[in-house]
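A.B. asks: The structure's right below; bear with me while I get my questions together.
The values are calculated or read from the model by the stated rules, or taken from the named source; none is laboratory data. If you're wondering where the values come from, they're calculated on a predicted model, not measured in any experiment. Every residue, glycine among them, receives a Cβ derived from its backbone with ideal geometry; neighbour counts consider all protein chains shown.
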């Protein structure tokens, strides 16, 4: 009959993802005529647990290309945009709070989906998707068999090479007739 043992190991005890659409404003020195392009780069983030919620602090850079002076000149403005997101991740089981690790992944990098201008301001709508995994100590039960399995017998295999060696090295007249009389 099998008995059971518990093994303590690290495992994912909570997992979730969330999509975001946020609007940010970038102010420029000139009166904007047309937004020609927007690139989002250098996305950085990390997460930590606070009050049973996951707080994600991050930032990314936006580079906005725009025209001004009746569309006769262009310029690029770069701005670092910080953000903070608070998410609730449902945990599958309770674990020791002191040994949790929070892993945040960018499932969809920040991307500008629309841009509009108003005087010296450019409004950017940015979408992103973040995934959160909570890794904690958990217990796994396994069945232990008390009876040891029997050992398999290992037999020597007779190969062609060993057979030839036996034929060449074994002498048939190994025992002398004189030795046999004694």
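A.B. asks: Let me confirm something: among 137, 160, which residue is touching a helix residue (DSSP H, G or I) at 6+ places or on another chain (Cβ under 6 Å) and either in contact (Cβ under 8 Å) with a residue 60 or more places away in the chain or more than 30 Å from residue 45 (Cβ to Cβ) (or both)?
C.D. replies: Numbers: 160 fails: touching a helix residue (DSSP H, G or I) at 6+ places or on another chain (Cβ under 6 Å).
Among 137, 160, only 137 is touching a helix residue (DSSP H, G or I) at 6+ places or on another chain (Cβ under 6 Å) and either in contact (Cβ under 8 Å) with a residue 60 or more places away in the chain or more than 30 Å from residue 45 (Cβ to Cβ) (or both).
A.B. asks: Which is under 30 Å from the mean Cα position of the chain (by Cα) and either surrounded by 12 or more Cβ atoms within 10 Å (Cβ to Cβ) or more than 30 Å from residue 12 (Cα to Cα) (or both), of 117, 109?
C.D. replies: Just one listed residue meets the conditions, 109.
A.B. asks: For residue 126, are the conditions met, namely being touching a strand residue (DSSP E or B) at 6+ places or on another chain (Cβ under 9 Å), at pLDDT 80 or above and within 30 Å of residue 58 (Cβ to Cβ)?
C.D. replies: Details: touching a strand residue (DSSP E or B) at 6+ places or on another chain (Cβ under 9 Å): yes; at pLDDT 80 or above: yes; within 30 Å of residue 58 (Cβ to Cβ): yes.
It is true that residue 126 is touching a strand residue (DSSP E or B) at 6+ places or on another chain (Cβ under 9 Å), at pLDDT 80 or above and within 30 Å of residue 58 (Cβ to Cβ).
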